[in-house]
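Heads up, the thing below is written out as structure tokens.
The values are calculated or read from the model by the stated rules, or taken from the named source; none is laboratory data. All values reported here derive from a predicted model rather than from experimental measurement. Cβ atoms come from the backbone with ideal geometry, glycine included; neighbour counts cover every protein chain shown.
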Amino acid sequence: MQAQFSKAEGGVVPAGSLVHDDATAKWFLVSSVTYFFIVGIIAVIIAAKFVWPDLMGTMSWLTYGRLRPLHVNGMLFGWLLAADMGLAYYIIPRLCGVKLWSEKLGVATAALWNVIILGAVVTLLAGQNQGWEYAELPWYLDILVVVAWIMFGLNILMTVASRKHQAMYVTIWYTMGCVLWTAFVYLTGNFATLFTTGTNQANLNWMYVHNAVGLIFTPIGLGVAYYFIPRASNTPLYSHKLSMVGFWSLAFVYVWTGAHHMIHGPISQWLQTIAIAFSLMLLIPVWAVVYNLFATMKGQWHQLRESVPLKFLMSGIVFYLLTCFQGPMHSLRTVNAIVSKTDWIPGHAHMAVLGCFSFLAIAGTYFTVPKLWGKPLFSESLANWSYWMLMIGGLGFFTTLWLGGFWQGWQWNNWSIPFIDTVIALKPIWIVRFVSGILMFVGIVMFAYNILATVMGANEEAAA
Amino acid sequence: MAPTDYTYPSVYFAYLFFFLSFCLAVYFFIRSRRDGYWGDKGEDAKYQMFEEDETPRRNP
């Protein structure tokens, strides 16, 4: 056995321990938290534009069409994926019992990632947009993403290859899955679509969009949950074998579900049916994960009162269950006929990306940052407030959009109602969406301030 | 088909990626069986983080 510590904990490390440098994890986490805050401002602005469409006038770079892709890409790649990568740089060396293969390569990856995100801000605001969902970035930034991902994947895989134990914990499996799957999902979505036209192009794009969530954010997010729930609760995972069932069933099922975005569209009926069938099969990996993590917490739920990371983690898992119950259900043709293309979909997507995977990443950040910098968290109370702001705001946002989306879908199915009337009717929904967005943004500000104050050592300054 | 329409080559390109990832998945799945993830010692991996990380394990 060899105890493991972060370099910043130098004063209390016993002799013979494995000391991790963690420079890469630090760079990724600090930059991702900063982007979370900045892109949060964009989120509030575009929510406000639903209520006041004339807000910010006609300045082209502040129009909805430019801010919305910036919000989506900023949250997905600037905040969430970067935070998950930072957490992977923290977790994988510890689970492997070795140092990260190359901290220099890791820091270079973090620098390149920041160049990409800043490039995305400039190009998207300037109106350079490929016009595909989640693949809006211009091709030259796409190439940089591929280079950065190769650097990340190489570092992770080489670290795993030099591991001390033959048996790999499930988090390592999920992280390796994310490295592999992201490679082909991103290449397909951002490059193969360049050479297609019409329905095939749309089908490839939706394959990418759905698997961006299912094969990029899901595996790395679940890897984070599988590591931090046992660590934060100090309780071993209920069943490693069950976690393997979840991993392999996810690997088998997820990639086929993208076409359910085109149900009732111009694609073949057999392809739609396959997408529906595999969407329903998603309940297998989802239930394997949720049951395992809930069983891990058996007899330990009281710890949620004291632990903010556990609050975020278990809420994220509940949202994962709800998201992945919704997904298969609205892939059914009858349900899809009502909710497809309505406000239901952003409600569902926000529950997945914010309610589930961002909650898991926030938990990991709250857990690791005090260890990485060797300082206590700036404020436990503020962390607790950030949880409740994000939870209350998130619930208001999700439920309002589901109800509004269903209402919108019923109206669209009634051809006697003019389309503009269905837009006007949703204004009360969008007001609640905006207010909920404000609450979520306050939660983000509290989280970002807490993390950055911890990093800057504000606690020590206050004590002095 | 127009000379600039690369629909079929690109779809086959995507199929190639699917095929490669499918082969890798099959390889790793078979290897996971060989490495004992489904046998008697399949639960060992979950205790490693408690044995080696800085927090002592509560429930062995």
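Key figures
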read-out: Residue list for the stretch A:210-248, filter: among the small types (Gly, Ala, Ser), part of a helix (DSSP H, G or I) and within 11 Å of chain B (Cβ to nearest Cβ); value: A:232, A:233, A:243
read-out: Residue A:321 vs. criteria at pLDDT 95 or above and either crowded, with 22+ Cβ neighbours inside 10 Å or more than 20 Å from residue A:393 (Cα to Cα) (or both); value: no
read-out: The stretch A:172-195: number of residues that are more than 7 Å from every other protein chain (Cβ to nearest Cβ), within 20 Å of residue A:253 (Cβ to Cβ) and of a type in the set (S, T, N, Q); value: 2
read-out: Within the stretch A:355-443, helices (runs of 4 or more DSSP H) holding 1 or more residues that are in contact (Cβ under 8 Å) with a residue 40 or more places away in the chain and of a type in the set (Gly, Ala, Ser); value: A:359-373, A:380-412
read-out: All positions within the stretch A:99-120 that are in a loop (DSSP other than H, G, I, E, B) and either without any contact (Cβ under 8 Å) to a residue 40 or more places away in the chain or surrounded by 19 or more Cβ atoms within 10 Å (Cβ to Cβ) (or both); value: A:100, A:101
read-out: Hits in the stretch A:134-149 - residues which are under 17 Å from residue A:184 (Cα atoms) and not hydrophobic (A, V, I, L, M, F, W, C); value: A:134, A:142
read-out: Hits in the stretch B:29-42 - residues which are in a loop (DSSP other than H, G, I, E, B) and either surrounded by fewer than 16 Cβ atoms within 10 Å (Cβ to Cβ) or more than 7 Å from chain A (Cβ to nearest Cβ) (or both); value: B:35, B:36, B:38, B:39, B:40, B:41
read-out: So residue A:436, is it under 23 Å from residue A:383 (Cα atoms) and of a type outside the set (A, V, I, L, M, F, W, C); value: yes
read-out: Yes/no for residue A:198 being closer than 19 Å to residue A:261 by Cβ, facing another protein chain (nearest Cβ under 9 Å) and at pLDDT below 95; value: yes
